1. Do any trypsin sites (Lys or Arg not before Pro) in segment 236-311 lie in a DSSP loop with no more than 14 other beta carbon atoms within 10 Å, and if so, which?
2. Modelled label-to-label distance, N231 and D762, 7 Å Cα→beta-carbon offset: nm?
3. I'd like the carbon and sulfur percentage of the solvent accessible area for segment 212-262, probe radius 1.4 Å, heavy atoms only, ligands and nucleic acids excluded.
4. Got a sec to turn the phi values of segment 534-551 into Karplus ³J(HN,Hα) couplings, 6.51 cos²θ - 1.76 cosθ + 1.60 with θ = phi - 60°, whole Hz, x for Gly and Pro?
5. Starting from the Cα gyration tensor of segment 220-287, multiply each eigenvalue by 5, take the square root, and state the resulting semi-axes largest first in whole Å.
6. I need the calculated FRET efficiency for the pair D310 and E65, taking r as the beta carbon distance and R₀ as 45 Å, to the nearest 0.05.
7. Quick query: amide H of R424 versus all other amide H atoms, modeled in the peptide plane; which residues come in under 5 Å with a sequence gap of 5 or more or a different chain?
8. What is the local net charge at N410, summed over the other residues whose Cβ is closer than 13 Å to its Cβ (Lys, Arg +1; Asp, Glu -1)?
Amino acid sequence: MSPTLCSACQTINLYTLSAQPTKVWVEKHIIDRPPLNPILLRPRASLSPICSLCQILLTCIEEAECESKASVAFLSLVALPSGDYYEQFTDKRDESTLSLGILFKILALWMYRVGWEIRNAEARRKSGQPGLLKFNEITVQMAFEGAEEIRCDPHQSNISYRMDASKDLIAFVRRDAPKKLKDLVIGSPVRPVNSFTRKTWIEESLAPCLSSHRKCRQSLSGRSHDDTHQNATLPTRLIDVTGTSSDGTPFLSITRGKTGRYIALSYCWGEPIPGVPIVMLTSKTLESFQTRLPAALPKTIQDAIDVTRDLGYQYIWIDRFCIIQDDDDDWKREARSMCDVYECATLTIAAMASTGDQSGLYGDSIFQDVAVDCSAGEDHTGEIYIAPPYPRSLRMTAPLYGELEQCKWNTRGWVMQERLLSRRIVYFGQHQIFWECNEEDDSSTTTLPQKRRYNVAPPAWISYGTKALILDGLRQSRRAHFSSSNRTLGNVWGRIVQHYSNTKLTKQGDKLIAMEGIAQALRIRIPQSEYLYGHWEQLLLMDEGGLFWHTLVPSGRDDHSWNAWSGAPSWSWACYPGEIDWPCSADRLPKPGKPLIRAAKFMTRPASFRDGRDFTSEKILQVTGVIICARLESKLHPASSNTVRKARITLTGRLLHASTENTESITTDSPLFSGDVSLSIDQPCDRPPAQFWVLLFSEQQCAAQFYGGTTSYFTCNFLLLGEAETSIIGESLPVFHRLGTGSYVGKRREIRQLVGRRGYTDCYLI
């Protein structure tokens, strides 16, 4: 027994934890709230200031009092059945896809299994033996001052109190605990406490994945990888963790086309510390690092090297030491090889808890678990470890996704491709270690499967389910008809871009190259399409993943001004430094739209083309569509000239022809549509332009429900263009830049008549 426990906490064992009233039943996954366990009932004043477990209980009490604004008078402990465990019997499949016969068999199995365990537990409890069902938590029961007294059956002589509040503590046993105890307490260590237990836990997840997971041999690009025969081509440089023969210090190894296995690291560099030089590979240190790395490495990197060595691997790839940071040519060349680096890595270590290179892999929070000798007879011997609960923000979701949504690491733009390209990842979180591969996920706190979320909001959206859906969508696109294939690819690429735009980059110039690895992987799957500035040529006219994107203002913030990135054209989402969205995505409109643009393709840029932005591509976008010169008769008064420039201006009003050429069918100031339009100008400005051009993009049929039935209507989506100052000598085609988007809800006949009257025009977009 631990000397840090008080006399009251030393009475905790399997007998006392199971001394709950026999009328407590598990029904439909809901566990009744029993009165306080009479055997472990104690007043709050009995909590000892020197007892480790009492301090954990005191934390639970203070949290409950803060929530309820009432004082806790009594408390107790009880181990209730694990709802997650018994839900497994019905959570295996989606009930909507099962036949009645299969559902009946699953229900019968569940009733037999759970019913038998409950009856057996009740029988054991009545005979004076521990009568517990499987559990992975211990409930701290609390009664407030003035709580109702209850006489407990079968303990008629014991007085208890009705439970007013409760908190759950994590209960687990070590991996080397007796089998019967592990069958009862179905949790595992919150955090492997040393290198041996960390190594054991990771190997227990890695070994079956390497030997039997077929999906984990397939990467995002569709290539197959054989991790058992060490035939992967190694990156240009790797850190050899076995060290030199003299003192075992790691050194930089130039692979020169060798094959083998290695581990990759994904982490945050963090903010530089004033006065402390950044240790990294440069042209000056290239030669010395091949002999040995500096003795004092950043803590996160040193921890990753230790894990690599513990797992028995020779090499680890770390960007800071494997890319020459002051050589632009080497940096660009290696940055464009991220697809190969992370897809070919046998395992990726993710420093999820780390906020910088000095934080280490294991985060700042250390769980102070307390060992309690819960031996009960010869059948159940050993210690149960009790630890504080997860933070409130992590309790409503699977712990992995809860930590991902809060950690700084997952907000990095580079992490997007590192997670999506990696076939196996071990996450070192703030509170535990997680495993994720293409077939399953696991955590070091429990043997139960995590509740996977397929529609996770950013930034945690790349869950097991979402990644599997992306891979399935890419496979289906290769077998589908061209139009449906493009629609599937558009949905996949649109989702990737949308969530990537919600991440942060230290340098805006890295926006395209930070997801170049994903583009390279998809380029292998769709080789017939050209990729330029974050867009695929065959997806330019798709509702999702195409040209019709718009900017989003971060929630909780006012409109803000921004400067377009000069490294991308105005029609590319990459020019905007914030989050973008696809207003016509499949998530919002059930039917795909019909393109009104006849063609959009990347053409060789004319030699006479001149533009002040940093375009490096030899291609330019040429569009063939219906282009109309127009102006807006807004319902709102124009902004004054001293209004602050905003990132996005949304206006409604009548869209009028602004052409100087009058014809019999079209006159100046005649309306384009019979009703109002909605415009979103997402280029920084303080007022809408007096005159602009409209490029009709697509029409969509939508359905609206009302009392008594449904009705259908059509939406015409269009791009807003401005005349570019750039001209191309010797070319007669007009040149435009993108201003924003617009839409009109009306009749299909109007849209068709407008297209018929105007005809198609070729133009360049820059």
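The values are calculated or read from the model by the stated rules, or taken from the named source; none is laboratory data. Quick caveat: nothing in here was measured; it's all calculated off a predicted structure. When we count neighbours, we look across all protein chains shown, and the Cβ atoms used for this are built from the backbone with ideal geometry, even at glycine. Just the protein is used for accessible areas: all its heavy atoms, side chains included, with ligands, DNA and RNA removed. Shrake-Rupley method; radii C 1.70, N 1.55, O 1.52, S 1.80 Å.
1. For trypsin sites (Lys or Arg not before Pro) across segment 236-311 that sit outside H, G, I, E and B with at most 14 neighbouring Cβ atoms in 10 Å, the list reads R256, K258, K284.
2. Going by the 7 Å Cα→Cβ label model, 4.9 nm.
3. 44
4. Values, residue by residue: x, 10, 9, 4, 6, 10, 4, 9, 6, 5, 10, x, x, 7, 8, 10, 9, 7 Hz.
5. Result for segment 220-287: semi-axes of 28, 18, 12 Å.
6. Rounded to the nearest 0.05, the efficiency is 0.55.
7. Close amide H contacts, sequence-distant or interchain: T348.
8. Every neighbour counted, the sum reads 0.
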